[in-house]
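A quick write-up on the structure given underneath.
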Amino acid sequence: MKTMSGKFLTLSSIIGLTVLLAGCSTMCGQKKHHRAPAPKQQVEAVMFYQTYEEADVNRVGAQMYTHSSRGGESQMGTIKFAETDAGLKMEVDLKDLRPGKVYTMRVHQCKPCNSGMCCSNSAMPMTLPTLKIANAGRLQESFMIRGLTAQQLNNAKLYLERDGGYKAAWGTIGQAW
């Protein structure tokens, strides 16, 4: 029995050693390395901005008209507005102004529509440059206006008044420029 238990002890020792060596064959003698955490995936932020058609208004202008001597109306030229770093640039290119007369510009704010019935009866509270021509011909001048934007003028009616309120010319300011 003693030999049997000795043999059994020897056999179990050999099996234990075999299992130990088998498990150690891949990891024994090596330092344990901890896996570095996987880098976090970067997520791209996508931003959406809603814009409106009128949000980018920086150039507007008006084709100006006057009463024709033959009845109806005739084109006088244009008044254009463009936003710059220095302010709102106003470019005037008009004909048929009466020499020696002072023309005052008045702007009446309008809602978008196809008639003058959508416009305010009173002018916007602003002072725009006056226009005057010495001799008959074409008036071409530029002015810088501060504190006013093209967006504020968009869809408005522009009137040139002389002689105490006579509407000598008119036009609708829009984005077609």
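The values are calculated or read from the model by the stated rules, or taken from the named source; none is laboratory data. Fair warning: this is a prediction, and the values are worked out from it, not measured in the lab. Quick reminder, even Gly has a Cβ in these numbers, built from the backbone with ideal geometry, and neighbours come from all protein chains shown. All accessible areas refer to the heavy atoms of the entire protein, side chains included, with ligands and DNA or RNA removed. Shrake-Rupley method; radii C 1.70, N 1.55, O 1.52, S 1.80 Å.
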Being at pLDDT below 75, under 27 Å from residue 154 (Cβ atoms), outside any loop (DSSP other than H, G, I, E, B) and among the hydrophobic types (A, V, I, L, M, F, W, C) is the requirement here; does residue 55 meet it?
yes
Going by the conditions given, is residue 120 in contact with a Cys (Cβ under 9 Å, 6 or more places away or on another chain), of a type in the set (Ser, Thr, Tyr) and without any contact (Cβ under 8 Å) to a residue 60 or more places away in the chain?
yes
Any chance residue 116 is loosely packed, with under 15 Cβ neighbours inside 10 Å, in contact with a Leu (Cβ under 9 Å, 6 or more places away or on another chain), modelled with pLDDT under 90 and not aliphatic (A, V, I, L, M):
no
Single unsatisfied condition, residue 107 versus (1) out of contact with any helix residue (DSSP H, G or I) (no Cβ under 8 Å at 6 or more places or on another chain); (2) surrounded by 13 or more Cβ atoms within 10 Å (Cβ to Cβ); (3) in a strand (DSSP E or B); (4) of a type in the set (A, V, I, L, M, F, W, C)
(1)
Being under 17 Å from residue 109 (Cβ atoms) and of a type in the set (S, T, N, Q) is the filter; apply it to the range 130-177 and report the residue that is least open to solvent (accessible area, probe 1.4 Å).
154
Which of the following residues is more than 24 Å from residue 162 (Cα to Cα) and part of a strand (DSSP E or B): 62, 82?
82
